[in-house]
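Each remark here refers to the structure printed beneath this line.
The values are calculated or read from the model by the stated rules, or taken from the named source; none is laboratory data. Given the structure is predicted, the values throughout are model-derived calculations rather than measurements. FYI the Cβ positions are ideal-geometry reconstructions off the backbone, even for glycines, and counts take in every protein chain you see.
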Amino acid sequence: MLAFEDILKLIEQYEVITIFRHIHPDCDALGSQFGLKQWISENYPDKKVYALGEEKCTQGRWPESDTADIGIINRSLAVVVDTANAARVDDQRFLQADKVIRIDHHPFSDEFGDGWYVNDHAAAVCEILTGFFSSTDKKLSSKTAEYLYKGLLTDTLSFRTSNTTADTLRAAARLAELDLSIPEINRELFDHSLKYFRFGSFVRSKTEIINKHLASATITLEDLEEWQTTSTFAKNFIDELGHVRDFEIWAIFAARQTDHGTVYDGSIRSKTIPINGIAARFNGGGHKNASGVKDLTDAQRLELLEVLSQELSSLEE
Ligand SMILES: [Mn+2]
C-alpha cells in the first residue's frame, strides 16, 4: 500500500504520466482522471500528462481523451483510477508503462500494478484525491475541484449512499470552497431528456414485487426495440426502483442480444444487506450495497432473484 507521500514522489519523479480509467467510465472514473491530470498540469507545467481511454460517458460534460503512442506509455508512470480489476482498464497498454500504480475505492480484488492506494471506506476516488491534494502544499484550482466534485456527487448519488461519511462531506466542503456553482453542476449531471423521463415511468410500470422486500424490473429485447434504446441505457434506471420503504433489495435487468442468444445484464442495490458476494457468483461484483451482474441466461436471472429472496428471509419477523 502506497502512502500519499509515495504517490507524490512518483509523480515528481516521472516526466510523463499516463492516467487510465475503467471501461464504461462513470463520473468518478472521469472526474478522478481529469482532476488528477488538471492538478498535475497546473502544479508541474513541464510534465506531459495524458488521460487515456476510448469509451465515453453520457452523464455530464467531459474533455476529450488524449492519444498516446506506445513509446509515450513505455516511459510513463501509469496511474489507474477507480478500477479494481486489470481486465477492466480501458486501454490495456497500461501494462507496458514503466511503472503502474492505482488509486481506488473498490473492495480489494486484484493484485495488479507495482503499488496501490486502496481505501474502500472512501465513497469515491475523487474523495481520495481531494485528501491527497490537500495533504500537499500544491495548488488546488477551481477547475480541478469541479472535476472532483462531479465524481463525489455522482458516486454517492448526491451524498445519499451508505458509504457517504463525514470524510466525504469534508471533501465536498473543501471543494465547494473553491468557487463551484453547486446548482449548475447539479443540472449538468442530473437534468435529463423527456425520453429519459418517460422511460423512467416505463421502468416503474415493469417493476414486480418478488416478495415484500425485493423488487425487480426486467427490460426485454422487445422493450428496447420499442424504446429504441440499449441495455446499458436501461440499466441506468435502477434508481427508479429505489426509495421505497418496503424494498430492501431491488434490481433491474436488461436483455442483450449475443451470438449465443439473449443474455441479461443487471444492476442490484440494497439498503443494508451485502450483495457483492452474491453478484460475484453471477458474473459480477461491485460494492457492498451496489453491484452489477452480466451475461445471465433467463434461468440464471431467476435463480439470482431466488438467492436474493432467500437472503431476505432472515429479515422476516
Ligand atoms: Mn468510483
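Can you confirm whether region 130-140 contains a residue that is out of contact with any helix residue (DSSP H, G or I) (no Cβ under 7 Å at 6 or more places or on another chain), touching a residue at least 40 places away in the same chain (Cβ under 8 Å) and within 16 Å of the ligand (Cβ to nearest atom)? Taking every residue of region 130-140 in turn, none turns out to be out of contact with any helix residue (DSSP H, G or I) (no Cβ under 7 Å at 6 or more places or on another chain), touching a residue at least 40 places away in the same chain (Cβ under 8 Å) and within 16 Å of the ligand (Cβ to nearest atom). Looking at region 148-158 only, could you name the residues that are buried (at least 17 other Cβ atoms within 10 Å of the Cβ) and either away from the ligand (no atom under 13 Å from the Cβ) or in a loop (DSSP other than H, G, I, E, B) (or both)? Passing the criteria: Tyr149, Thr156. The number of residues in region 226-253 that are in a strand (DSSP E or B) and over 19 Å from the mean Cα position of the chain (by Cα) comes to 1. If the condition is being within 16 Å of the ligand (Cβ to nearest atom), part of a strand (DSSP E or B) and over 13 Å from the mean Cα position of the chain (by Cα), then region 104-127 contributes Trp116, Tyr117, Val118. Count of region 24-55 residues, restricted to those that are part of a loop (DSSP other than H, G, I, E, B), at pLDDT 95 or above and under 19 Å from Leu153 (Cβ atoms), is 2.
With respect to the conditions (1) crowded, with 19+ Cβ neighbours inside 10 Å; (2) among the β-branched types (Val, Ile, Thr); (3) part of a loop (DSSP other than H, G, I, E, B), Thr161 lacks only one, and its number is (1).
So that you can scan it fast, the table gives a plain yes or no per residue for (1) away from the ligand (no atom under 16 Å from the Cβ); (2) farther than 28 Å from Ala280 by Cβ; (3) among the small types (Gly, Ala, Ser):
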site: Asp6; (1), (2), (3): yes, yes, no
site: Ile17; (1), (2), (3): yes, yes, no
site: Phe34; (1), (2), (3): no, yes, no
site: Lys37; (1), (2), (3): yes, yes, no
site: Ser41; (1), (2), (3): yes, yes, yes
site: Val49; (1), (2), (3): yes, yes, no
site: Val79; (1), (2), (3): no, no, no
